[in-house]
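S.K.: This is the structure, below, for whatever I ask next.
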Amino acid sequence: MGNGVREAPVEFQRDVEPGPAWIPAEDNQEKKKVLNSLMSGALAGAVAKTAVAPLDRTKIMFQVSSKRFSAKEAYRLIYHTYLNEGFWSLWRGNSATMVRVIPYAAIQFCAHEEYKQILGNYYGFQGKALTPFPRFIAGSLAGTTAAMLTYPLDMVRARMAVTPKEMYSSIVHVFIRISREEGLKTLYRGFTPTILGVIPYAGLSFFTYETLKKVHAEHSGKAQPSPPERLLFGACAGLIGQSASYPLDVVRRRMQTAGVLGHTYSSILRTMQDIVREEGLVRGLYKGLSMNWVKGPIAVGISFTTFDLTQILLRKLQHGPGLER
């Protein structure tokens, strides 16, 4: 008995003595948060883009050609592609999309979480929802960061979407041929309109989604919206964000694919002028927008919803064992 009483204080001291371990624990928590954001963002981007890949490829093919867009023509193109090249050809370029969208979405969502925290600390909103302007800035910075780090992959994806499979056999082949035949600078052709388009697109998308979630929480009394509500909020975010930046998306695609389609576009303004002169303002710069109103809201809705739900799941998996102990 006496020995048992003497041993207890020794065990107690050994358990509580290392107080400085709290600092690494905080660092570890921050690392987990970043890793969760990266994983959730990667999954969100992959699921969303794969779901709308056939529509996305069809939209790009109209954007880079002078053909007039209509729902009937879009359906005809999809059906013609299916008959001539097979069902899986509708996802041609999706492997390049995945190579690009997985790091892009991971960086964008993770950067957005970090920018929200930085701006929250700067403006004194720690732990609270940001006000409208910082909310827009956080989204714009997140989109710009992701676009800058992954742009060559977007160029490769666009080339694969508009060319027959005989021309480029793989993603690596696209990089090699562009580097040899057109120069490394070509991998960044269309970079400026991309960044100019990403600022309003990402800014308005994240701003709209975060705002709708905030308004929902205030009016419903629920801390979190349901999955269908998240899909709806994401769809609204995609509709607004993509509509605002669409002409720059058309310009970007024209500049990216100029080398294989026989055009020369030297600048954003020149590209816009050529498109308007040859095809008209609305029919040229807004070509395929109606398809984007179908594709965009679906993709963005799935993306935001997948990110949020994956974040919640990962937190539960990490905190669950800790709570049971």
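The values are calculated or read from the model by the stated rules, or taken from the named source; none is laboratory data. Bear in mind that the values here come from a model prediction, so they are computed numbers and not experimental data. Positions of Cβ are backbone-derived with ideal geometry, glycine not excepted, and every protein chain shown enters the neighbour counts. For the accessible areas, the whole protein counts, side chains as well, though only heavy atoms, and no ligand, DNA or RNA atoms are used. Shrake-Rupley method; radii C 1.70, N 1.55, O 1.52, S 1.80 Å.
S.K.: Considering every residue within the range 43-52, establish whether at least one is open to solvent by 50 Å² or more (accessible area, probe 1.4 Å), hydroxyl-bearing (Ser, Thr, Tyr) and at pLDDT below 80.
M.R.: no
S.K.: For the range 225-235, check the following and say yes or no: at least one residue is among the charged types (D, E, K, R) and more than 19 Å from SER66 (Cβ to Cβ).
M.R.: yes
S.K.: As an exercise: evaluate LEU313 against (1) more than 13 Å from LEU232 (Cα to Cα); (2) in contact with a Phe, Trp or Tyr (Cβ under 8 Å, 6 or more places away or on another chain); (3) part of a helix (DSSP H, G or I) and give the number of the one condition it does not meet.
M.R.: The one condition LEU313 does not meet is (2).
S.K.: Right, next: Which members of the range 161-178 meet the condition of being in a helix (DSSP H, G or I), open to solvent by less than 10 Å² (accessible area, probe 1.4 Å) and modelled with pLDDT under 80?
M.R.: Of everything in the range 161-178, just one residue is in a helix (DSSP H, G or I), open to solvent by less than 10 Å² (accessible area, probe 1.4 Å) and modelled with pLDDT under 80, namely ALA161.
S.K.: Please indicate, with yes or no, whether at least one residue in the range 8-28 is surrounded by fewer than 20 Cβ atoms within 10 Å (Cβ to Cβ), modelled with pLDDT of 75 or more and either of a type in the set (Gly, Ala, Ser) or closer than 25 Å to LEU309 by Cβ (or both).
M.R.: Yes.
S.K.: Another question about this same structure. Can you name every residue in the range 182-222 that is more than 25 Å from THR271 (Cα to Cα) and hydroxyl-bearing (Ser, Thr, Tyr)?
M.R.: SER205, THR208, TYR209, THR211, SER220, listed by residue number.
S.K.: Using the structure shown, decide if ARG135 is open to solvent by 50 Å² or more (accessible area, probe 1.4 Å) and part of a helix (DSSP H, G or I).
M.R.: no
S.K.: Within the range 215-258, how many residues turn out to be open to solvent by 40 Å² or more (accessible area, probe 1.4 Å), of a type outside the set (Ser, Thr, Tyr), assigned to a helix (DSSP H, G or I) and over 11 Å from PRO297 (Cβ atoms)?
M.R.: The total comes to 7.
S.K.: Kindly indicate whether any position in the range 151-159 is surrounded by 16 or more Cβ atoms within 10 Å (Cβ to Cβ) and not in a helix (DSSP H, G or I).
M.R.: no
S.K.: If LEU83 passes every condition in (1) closer than 29 Å to PRO247 by Cβ; (2) open to solvent by 40 Å² or more (accessible area, probe 1.4 Å); (3) part of a helix (DSSP H, G or I) but one, which one does it miss?
M.R.: For LEU83, the exception is condition (1).
S.K.: Another question, then. Among the residues of the range 200-214, is there at least one that is surrounded by fewer than 20 Cβ atoms within 10 Å (Cβ to Cβ), of a type in the set (A, V, I, L, M) and either modelled with pLDDT of 90 or more or over 18 Å from the mean Cα position of the chain (by Cα) (or both)?
M.R.: yes
S.K.: Of all residues in the range 263-278, which are part of a helix (DSSP H, G or I) and open to solvent by 30 Å² or more (accessible area, probe 1.4 Å)?
M.R.: ILE268, LEU269, ARG270, MET272, GLN273, VAL276, ARG277, GLU278
S.K.: Another question, if that's okay. What pairs come up if the first residue lies in the range 186-197 and is in contact (Cβ under 8 Å) with a residue 12 or more places away in the chain and surrounded by fewer than 20 Cβ atoms within 10 Å (Cβ to Cβ), the second is aromatic (Phe, Trp, Tyr) and in a helix (DSSP H, G or I), and their beta carbons are under 7 Å apart, counting only those six or more places apart or on different chains?
M.R.: TYR188/TYR151; PHE191/TYR151
S.K.: If a residue has to be crowded, with 17+ Cβ neighbours inside 10 Å and not in a helix (DSSP H, G or I) to count, how many in the range 66-80 make the cut?
M.R.: Summing the residues that are crowded, with 17+ Cβ neighbours inside 10 Å and not in a helix (DSSP H, G or I) in the range 66-80 gives 1.
S.K.: Quick one: count up the residues across the range 279-290 that are on the phi > 0 side of the Ramachandran plot and either in contact with a Leu (Cβ under 7 Å, 6 or more places away or on another chain) or open to solvent by 100 Å² or more (accessible area, probe 1.4 Å) (or both).
M.R.: The total comes to 0.
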